[in-house]
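Encoded as structure tokens, the structure appears first; notes follow it.
The values are calculated or read from the model by the stated rules, or taken from the named source; none is laboratory data. No experiment lies behind these values; they were computed from the predicted model shown. Backbone-built Cβ (ideal geometry, glycine too); neighbour counts: all protein chains shown.
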Ligand SMILES: [Mn+2]
């Protein structure tokens with residue numbers, strides 16, 4: 001090979017190698033050895049995650065539990081309330097101790113634990129009824145999460161808001177701690193689930209090349225990724241399909257001048273359609289498929305005086321700012337949430353009223369983005 005070509009190749013490989021490492025997280029080596037020490041010292045580990053646990057919360061909790069059991073530890077996953085039905089197919093999901101169903105057993109378990117691992121939440125109030133139980137426990141505590149502004153009190157905090165999922169972060173941490181060899185098929189299945197659900201099946205927040213290296217590691221452990229997708233993600237019920245169809249057909253309001261779409265569902269409408277938790281999951285993303293819509297709002301009236309506000313956006317539109325400034329919430333630039341205690345009508349009027357003040361974030365139609 002002549003030297004000119006060799007130089008060119010070196011340059012090319014160097015360029016892409018440096019690009020690929022830009023988003024990979026940096027975890028402090030001291031944190032990793034502390035984590036390893038805490039795991040080695042523990043015999044009875046409780047793992048907990050946020051209320052209304054999603055794929056990432058359940059996936060990371062079960063993924064870690066399987067790994068710890070392979071190490072010979074007792075590992076108990078305790079969730080504040082029951083996970084959505086589609087997650088119950090995950091290996092070990094049937095053994096989850098649900099705090100709302102078995103509060104006494106949950107409290108006893110936390111008291112017995114010598115280590116508690118808190119996964120996928122940034123504030124204690126996110127574990128709802130489990131807060132006093134965890135607070136009372138004498139166990140050492142590890143907190144691993146990817147949400148912004150973590151405030152969970154713990155002996156070891158590993159926070160990485162740049163990570164697309166807690167599951168991805170967990171795998172990278174276990175790998176660094178020399179424990180990847182203890183991750184078997186069941187653990188890998190659970191970890192893959194959270195990586196998949198938190199990125200909409202790798203359709204957003206999924207440009208970190210390390211995601212795909214980790215997927216390849218998980219595939220190597222025998223996971224059936226297509227089956228996980230089908231069972232966990234691409235599964236529905238007649239009620240859910242009809243509710244989402246109704247929401248889009250009858251309840252979607254478009255304000256193209258502000259790049260805005262609003263979908264709202266009242267308490268009454270939810271009841272009429274036999275709503276169960278998880279049925280409106282990812283509905284908020286749908287309007288973003290429309291040309292010119294960069295900001296999507298979904299309002300769900302869970303109680304007469306409580307509306308769950310969810311927002312998604314594309315590009316530079318900062319929905320975390322909208323949620324923070326007006327709905328007592330926050331999140332990421334393109335995915336955020338908050339709440340409203342006004343009526344549904346008043347909440348919609350409020351959003352329409354504040355929309356013009358965010359027009360400066362709309363993409364400039366005179367300078368359309370270049371093609372891919
Ligand atoms: Mn998550």
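Observations on the structure shown:
Condition check ((1) closer than 30 Å to residue 186 by Cβ; (2) touching a helix residue (DSSP H, G or I) at 6+ places or on another chain (Cβ under 7 Å)) across all residues:
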{"residue": "224", "(1), (2)": "yes, no"}
{"residue": "232", "(1), (2)": "yes, yes"}
{"residue": "245", "(1), (2)": "no, no"}
{"residue": "305", "(1), (2)": "no, no"}
{"residue": "310", "(1), (2)": "no, yes"}
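- Residues in region 66-80 that are crowded, with 17+ Cβ neighbours inside 10 Å and in contact (Cβ under 8 Å) with a residue 12 or more places away in the chain: 10 in all.
- When residue 178 is tested against (1) on the phi < 0 side of the Ramachandran plot; (2) surrounded by fewer than 16 Cβ atoms within 10 Å (Cβ to Cβ); (3) not in a helix (DSSP H, G or I), exactly one condition is not met: (1).
- Hey, residue 282 surrounded by fewer than 18 Cβ atoms within 10 Å (Cβ to Cβ), out of contact with any strand residue (DSSP E or B) (no Cβ under 8 Å at 6 or more places or on another chain) and on the phi > 0 side of the Ramachandran plot or not: yes
- Scanning region 155-175 for residues that are touching a residue at least 60 places away in the same chain (Cβ under 8 Å), crowded, with 16+ Cβ neighbours inside 10 Å and either closer than 16 Å to residue 121 by Cα or more than 16 Å from the ligand (Cβ to nearest atom) (or both) turns up 156, 158, 160, 163, 165, 166, 167, 169, 170, 174.
- Failed item in (1) touching a helix residue (DSSP H, G or I) at 6+ places or on another chain (Cβ under 9 Å); (2) within 20 Å of residue 147 (Cβ to Cβ); (3) at pLDDT 95 or above, with residue 328 passing the rest: (1)
- Taking the criterion of being under 16 Å from residue 32 (Cα atoms) and within 13 Å of the ligand (Cβ to nearest atom), the residues of region 130-149 that qualify are 144, 145.
- Within region 109-129, being more than 16 Å from the ligand (Cβ to nearest atom) and touching a helix residue (DSSP H, G or I) at 6+ places or on another chain (Cβ under 9 Å) holds for 109, 110, 111, 114, 115, 116, 124, 125, 129.
- Subset of region 285-306 (residues that are buried (at least 18 other Cβ atoms within 10 Å of the Cβ) and part of a strand (DSSP E or B)): 295, 296, 297, 298, 299, 300, 301
- Filter result (outside any helix (DSSP H, G or I) and either on the phi < 0 side of the Ramachandran plot or over 12 Å from the mean Cα position of the chain (by Cα) (or both)) within region 203-224: 203, 204, 206, 207, 208, 220, 221, 222, 223, 224
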